[in-house]
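The next block holds one structure in the form of C-alpha cells; read it before the comments.
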C-alpha cells in the first residue's frame, strides 16, 4: 500500500499514466495508479505498466457497475488492503524482502522459528503477500475502469509498527501484536457431521489461542528469546495465517452469490480460489507447529500430529465431506461456510474480535462498517 512514488520519480510516473490512458482510451485516475501500485507493478511483478491495466485495455466494458456490484467489489478491495497490510508486516520480519514485496530487512531469529513449521515459510509468506498486493491493486483498478470509486484506507494507517529489528517504522492499519486467534476452522474442516451454515459450532484446535492476547510477530528484540517464547510467537503466526485465509475462502463464494454483472462475477470467481490455495497451504504448515508451552505467557500448543481425535489430526488437510444445504442430501466436500446473508459484516466482526484492529479509530470502524453494510445490501442473484 505504500505509494508507488517510493520506487520511481513523479515525472516518470506521470509519463506512464499518460501513456496507459492513451493506450486504453480510458482515463484511469492518477490516484488509482498510485494507490494501487499498478503503475510500477508494486508487489505484482507486472513490469513497467502492470498487467492489470493492459488487460483492462483489451476489451474495456462500456457499462458502469451497478451500485450493488460496486459495493461488493469495494468491500473485497478493502479486505484485500487490510490483508496486504498485515501480510507485509509478516514479510518484513519473516519473509523474503525484494522488489516484489518491498519493505523491511528480516529478523533471523523469527524467521528460523517460522522455518520450524516448514523450511520454505519465507517463500510462502512472500508469495502470499505478493498475491494480496495484486488482489487489491487489480480490484481498485477494475472498479475505476467500470466507473466506480476505488478504496483508499491510507488515512487510517496510524497503528504502530513492531519495534523489532527488521520492521519498517511506518503507520499500519492492523495490529499483529495482541491477537485472539480462532482455530475452530481446524475441526470444522475435519468434521463429517457438522456445517456452520446449519448452525453447528466447533472445538478449538489450540484452545489457548482463543483466549487472551498473543503476539504473532516479535514486538521488540526482547521477544527473540528464550527459544520457546519466540517459537510460540511463530506458532501463533502459523495458525493466524490459516485463520485469515479460510475466512477469504468463504468470503468470495458467499459474495459471488450477490454479484450480478457477468464480468464482475468472473473477477470474484477468479480471485476467490486463490484464497483456498492459501488456506490449504497454511493449514498444512500449522499442523507442524511444535508442541510447546511459552515460558513467558503459559500459552500451550498441543501435539496435533499425535492426536487420537479424528477431528484434530494434523494430516487431514483435505476438506472432509459434510452436510450441505439440507441434511436430507448426501454429505459433500465443500467450502464452509458460504451462507451469503450478512457475510460482509460478519467478516468485520470476526476480524475485530480477533484484535486485528486494536487501537484503531472510530472513523476507521465507521468506514469499514459502511463498506460492509453496502456489500450486504446488494441483492442476491436469482
- line: Fewest-first ordering of 313, 285 by Cβ atoms within 10 Å yields 313, 285
message: Take residue 154 and residue 119, extend 7 Å from each Cα along the Cα→Cβ direction, and tell me the distance between the two endpoints in nm.
response: 4.2
query: Is the shape of segment 182-248 rounded, prolate or oblate, going by the alpha carbon gyration tensor and its root eigenvalues a ≥ b ≥ c, with a/c under 1.5 for rounded and a/b larger than b/c for prolate?
result: prolate
- prompt: Sorted from fewest to most neighbouring beta carbons within 10 Å, what does the list 335, 206, 181 look like?
  reply: 335, 206, 181
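Please arrange 260, 327 by how many other C-beta atoms lie within 10 Å of their C-beta, fewest to most. Write down the numbers at each step before the final one.
Details: 260 16, 327 10.
Result, fewest neighbours first: 327, 260.
Can you check how the C-alpha radius of gyration of segment 252-330 compares to 2.2 N^0.38 Å, as a plain ratio?
In units of the 2.2 N^0.38 Å rule of thumb, it is 1.58.
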field: Simple label model, 7 Å out from Cα along Cβ direction - residue 99 to residue 333, nm
entry: 4.1
- request: Go from 0 up to the bin containing the longest alpha carbon distance in segment 261-382, width 5 Å each, and give me the % of pairs per bin.
  value: 2, 8, 10, 14, 17, 17, 14, 10, 5, 2, 0, 0
field: More than 14 Å apart - percent of Cα-Cα pairs taken over segment 58-118
entry: 70
statement: With bins of 5 Å, the percent of all Cα-Cα pairs of segment 141-192 per bin from 0 is 5, 14, 12, 11, 12, 13, 16, 13, 5, 0
- line: Where a ≥ b ≥ c are root eigenvalues of the Cα gyration tensor, a/c under 1.5 meaning rounded, otherwise prolate if a/b exceeds b/c and oblate otherwise, segment 118-257 counts as oblate
query: Using a ≥ b ≥ c from the Cα gyration tensor of segment 72-377 (square roots of the eigenvalues), is it rounded, prolate or oblate, where a/c under 1.5 gives rounded and otherwise the larger of a/b and b/c decides, a/b for prolate?
result: oblate
task: Compute the length gained on full extension between residue 169 and residue 316: take 0.36 nm times their separation in residues and subtract their Cα-Cα distance, giving the result in nm to one decimal.
output: 49.0 nm
- request: Only Cα pairs under 8 Å and at least 6 apart count here; give the relative contact order of segment 101-179 as a rounded whole percent.
  value: 30
statement: For residue 108, placing the label point 7 angstrom along Cα-to-beta-carbon and taking segment 154-171, residues whose amide nitrogen sits under 15 Å are 165-166
query: Rounded to the nearest 0.05, what FRET efficiency is calculated for residue 262 and residue 291 with R0 set to 51 Å and r the Cβ-Cβ distance?
result: 0.55
- request: With r as the distance between the Cβ atoms of residue 303 and residue 178 and R0 = 35 Å, compute the FRET efficiency 1/(1 + (r/R0)^6) and round to 0.05.
  value: 0.85
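No lab work stands behind these numbers, since they all come straight from the coordinates. Nothing here was measured: the structure is a model prediction, and the numbers come from that model. So basically every Cβ, Gly included, is an ideal-geometry build from the backbone, and we count neighbours across all protein chains shown.
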